[in-house]
Amino acid sequence: MNHFNWDYSFLVDFDLNNGFSKTAETTKRYLSQMKDMFYDVEAAEEILKTEDPLIYEFYELGFPEREGDLAFGTTILYPGLVGEEYYMTKGHFHTKLETAEVYYTLSGEGYMVMENPEGDTIEIPLVKGQALYVPRRYAHRSVNTGNEPLVMFFTFDADAGHDYGTIETKGYHKMVVERQGKAEIVPNPKW
Ligand SMILES: [Fe+2]
C-alpha cells in the first residue's frame, strides 16, 4: 500500500512509453471478468476454454474521493479481438454525471466511445500525442484497434465516482469491430 500526503505534494513515476509505474498500484481486468460485455459471448467462452487473456490494466494511486482533488494515472489496453470486436475497457459513467475527464494518448491507436444518458453517441480516434476531452455526462470506453498496447494517461475529479450500471450488461449503443481488416463503428444490436 502506498501512502501519499494529499494535503502536501508528491512525485510519482509513470513510464510514458509503456504506461507502467513502479509506485502506483495496478488493477488488471481479464477476459473472464468481462466476457459478458463483449457482443459475441460465445467467442469469449471459446477463448476462455484455453486461456484468460489480460484485456487491460490501469495504474492509480488510491485517491481519496474528495472534492477538489484530482485523480490521475495510466491505462494500458492490450490489442486483440473477441469475435470481431476489439479489446476494450469496461467503460463507465461518472456517478457525479457532470464530471469531465482528460485522456492523453501516449502510444497505440484506437477510439474513445462515448454516450450520454439520452443515447447521443460520440466516437473520437485516440491518436498518439493528442489529448482527448471526455465531456460531462458522457460514459466513456476506450477501444484498441491497433496491433500494440494503447497507452493513455488520464485525470479527472477524484470524487467523480464510477457507475457501470446498465452499460455493463447491455453495452454501448455503438461497438467497434474489425471487418476486412479495418476498424468499423457499428450499432450494437442489443439496443
Ligand atoms: Fe472516467
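Scan (1) acidic (Asp, Glu); (2) over 22 Å from residue 137 (Cβ atoms); (3) within 16 Å of the ligand (Cβ to nearest atom) for the single condition residue 65 breaks and write down its number. Checking residue 65 against (1) acidic (Asp, Glu); (2) over 22 Å from residue 137 (Cβ atoms); (3) within 16 Å of the ligand (Cβ to nearest atom), the one that fails is (2). What are the residues in the range 1-50 that are of a type in the set (A, V, I, L, M), touching a residue at least 24 places away in the same chain (Cβ under 8 Å) and part of a loop (DSSP other than H, G, I, E, B), if any? Residues satisfying the conditions are 1, 12, 16, 24. Taking residue 95 as meeting all but one of (1) part of a loop (DSSP other than H, G, I, E, B); (2) of a type in the set (Val, Ile, Thr); (3) in contact with a Phe, Trp or Tyr (Cβ under 7 Å, 6 or more places away or on another chain), write down the number of the exception. Among (1) part of a loop (DSSP other than H, G, I, E, B); (2) of a type in the set (Val, Ile, Thr); (3) in contact with a Phe, Trp or Tyr (Cβ under 7 Å, 6 or more places away or on another chain), residue 95 violates only (3). As a summary of the residue check, residue 60 satisfies the conditions (1) within 15 Å of the ligand (Cβ to nearest atom); (2) modelled with pLDDT of 95 or more except for the one numbered (2). The residues listed here are 85, 57; of these, the one that is surrounded by 17 or more Cβ atoms within 10 Å (Cβ to Cβ) and within 13 Å of the chain's Cα centre (by Cα) is 57. Of everything in the range 89-138 that is within 15 Å of the ligand (Cβ to nearest atom), more than 20 Å from residue 34 (Cβ to Cβ) and among the small types (Gly, Ala, Ser), the residue that is surrounded by the most Cβ atoms within 10 Å (Cβ to Cβ) is 100.
Inspection of the range 152-172 identifies no residue that is within 20 Å of residue 29 (Cβ to Cβ), more than 16 Å from the ligand (Cβ to nearest atom), among the β-branched types (Val, Ile, Thr) and surrounded by 15 or more Cβ atoms within 10 Å (Cβ to Cβ).
The values are calculated or read from the model by the stated rules, or taken from the named source; none is laboratory data. These figures come from a predicted structure and were not determined experimentally. We place every Cβ from the backbone using ideal geometry, glycine too, and count neighbours over all the protein chains shown.
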